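Below is one structure, written out as structure tokens; comments come after it.
The values are calculated or read from the model by the stated rules, or taken from the named source; none is laboratory data. If you're wondering where the values come from, they're calculated on a predicted model, not measured in any experiment. Methodologically, a virtual Cβ is constructed for each residue, glycine included, from the backbone with ideal geometry; neighbour enumeration extends over all protein chains shown.
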């Protein structure tokens, strides 16, 4: 059954996943949504990943389940600190497959990206179970560290949103979503049309032609949100490069995804060029399957339930544990600069 009022956040015990929980809780609070915190594991992979813990025994489901509960208690405490009541779920199964299936039933999924290893690497890989490529709802990827491995500060407010202009139906959906987001937060919206080599094209009026096309693209956004401040630009650069640069001075970057090819290939195909790997802020991905799923939902077809889902009650982590976690996931936490 689709829960259109809930955000799902995946946790695996890493600081990156707790940072994603912090971001998701703030987003849920602003949007008036509920938060579901999910820890997914399968025993064959559990010993290798270890949830960033010390578990080594193979086949011990009790130990795995206990560790998952501990992870959820810490994540729930972080959400509680942000004033958001969160439910917790344990799901047994391969995380990449589990989250793709869960995406059928939720409004948004948020995961943390810490680079190599852990949940994010499995969910952001280029396999057939890649989450941004195959999810049925939008995905937000929250970065933990910059390219030098230093933890990055995130704010609890969205004042500037950037979106990549794309004439595909999922790209147009990304534009629509970015405008809705910016409007709801009282933020400005930068629409970026990346055209590599446009400065080297001969002929008068080339740039004017691109701008006219962009004006036509964003006209429906301006009509839907007359008070929204929209800035548009034609950037002579690749989409990945242009949007990565935008991530440094925007609170959120929104982009459409075609599936395994197109933008997804750009996003996920290379650790040296991928937007997700190098973005300095959260990246909101609008997958192709989400657009298709929206059509099915409009026709009254519901998502299928996911097997192995167990709703659990967890004890809240101690206040000092939460303070230590929040100091670890954000270098500016102690200064109180969260706005």
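Some notes on this structure:
- Filtering the stretch 219-241 to residues that are in a helix (DSSP H, G or I) and modelled with pLDDT under 90 leaves 239, 240, 241.
- When the stretch 50-73 is filtered for residues that are modelled with pLDDT of 60 or more and either out of contact with any strand residue (DSSP E or B) (no Cβ under 7 Å at 6 or more places or on another chain) or more than 22 Å from residue 36 (Cα to Cα) (or both), the ones remaining, listed by number, are 61, 62, 63, 66, 67, 70, 73.
- Test: residue in the stretch 38-48 that is modelled with pLDDT of 85 or more, crowded, with 17+ Cβ neighbours inside 10 Å, under 17 Å from the mean Cα position of the chain (by Cα) and in a helix (DSSP H, G or I): no
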